[in-house]
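The values are calculated or read from the model by the stated rules, or taken from the named source; none is laboratory data. Everything numeric in this text was worked out from a predicted model, so none of it was measured. Every residue, glycine as well, gets a Cβ built from its backbone with ideal geometry; the counts of neighbours run over all protein chains shown. Accessible surface is based on the protein model in full, side chains and every heavy atom, while ligands, DNA and RNA are left aside. Shrake-Rupley method; radii C 1.70, N 1.55, O 1.52, S 1.80 Å.
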Amino acid sequence: MEVANQLVATGEFRVFKVPLGFIKVLQWVFSIFAFATCGSYSGEFRLSVDCKNKTESDLNIEVEFDYPFRLHQVYFDAPTCRGPEERLFLVGDYSSSAQFFVTIAVFAFLYSLAALVTYVFFQAKYRENNKGPIIDFVVTAVFAFLWLVSSSAWAKGLSDVKTATDPERVMTLIKACKIEGNKCSEKHGPVMSGLNTSVVFGFLNLVLWVGNLWFVFKETGWTAPFMRHPPPSQEKQPAPESFGAPGYVQEPQGYGQPDPYSQQEGYSQQGGYNQGGEYNQQGAPTSFANQM
């Protein structure tokens, strides 16, 4: 009990709140549904053969089949309406696609469980030297591809299973049904809803594993060289309200000549026209009156 408490105390269960851990939980659950709905399936259908001679009729022929759908090994006895019964076998062997689908689902279940344990209890080792995220990314990509292949193969296999177990098709194997006067009919067809659900779960797993690729890829750190950080913003110095306004002083250093219109060396008139008709300018070498 103490060991369990220590594991719970050291575990990082907050990983379930981020997409990396949350999607992994969904992968674990959906993989269970995938192999359970396919691997546990068993179905049957019933036929009736009504012969002219009623004593030779068989109105309840049961044909049972199940996973892994080796239908060529499934047989039933049907009346010939002319003597002893004949043993007939269904057509087709679809075990390869069904077993491949279930195998991928089981391994996906085991890997998802192992990844969740690693995320929670061995987070430091997972990120050590960045090997954990890289391995996780590669395995996730492989499983995404395998889900695509296995789900597509099983969808095709299921279509063939439906065709091979169609009572109308099976009645073509019975010789008595080809004799005029005998009547063959279907009493109960196979229920395929469970197998249809398995195909749906297969493609849902494909979506989950492909979608999780991005979140695992971000953990590898391979995106770091492509991340561009914006340059630091440069604050602009506020411009003066007007050129040559009070308080604005232009330093002598800079480009060009000093401003001749600044306050310190500006152009100013003191006085104006005097009574003698002279125009005096402070700082001028001569007056206009002398020049006259």
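A 1.4 Å probe run over the protein chains yields, for region 80-162, 51 Å² of accessible area per residue, whole-number rounding.
One decimal place: the segment ALA141-ASN196 gains 17.3 nm when fully extended, by the rule 0.36 nm per residue minus the C-alpha distance. The distance linking region 17-68 with region 156-191 is 18 Å (Cα centroid to Cα centroid, whole angstrom). Using the Cβ-Cβ distance between HIS72 and THR103 with R0 = 22 Å, the FRET efficiency computed as 1/(1 + (r/R0)^6) comes to roughly 0.55. Using only side-chain charges placed at the Cβ, +1 for Lys and Arg and -1 for Asp and Glu, the dipole size of region 74-194 relative to its Cα centre rounds to 140 debye.
In region 156-223, the ratio of gyration radius to Kirkwood radius, Rg to Rh, stands at 1.41 when only Cα atoms are counted.
With R₀ fixed at 25 Å, the C-beta to C-beta distance from GLU62 to THR163 puts the FRET efficiency at about 0.80.
Take the cross-link list LYS24/LYS125; LYS52/LYS162; LYS131/LYS156 and give me the ones stretching past 27 Å between alpha-carbons. Over 27 Å Cα-Cα: LYS52/LYS162; LYS131/LYS156. Note on region 58-198: with neighbouring protein chains present and a 1.4 Å probe, carbon and sulfur make up 58 percent of its accessible heavy-atom surface.
So, R0 is 51 Å and r is the distance between the beta-carbons of THR80 and LEU110; what FRET efficiency does that work out to, to 0.05? For R0 = 51 Å, the calculated efficiency reads 0.50.
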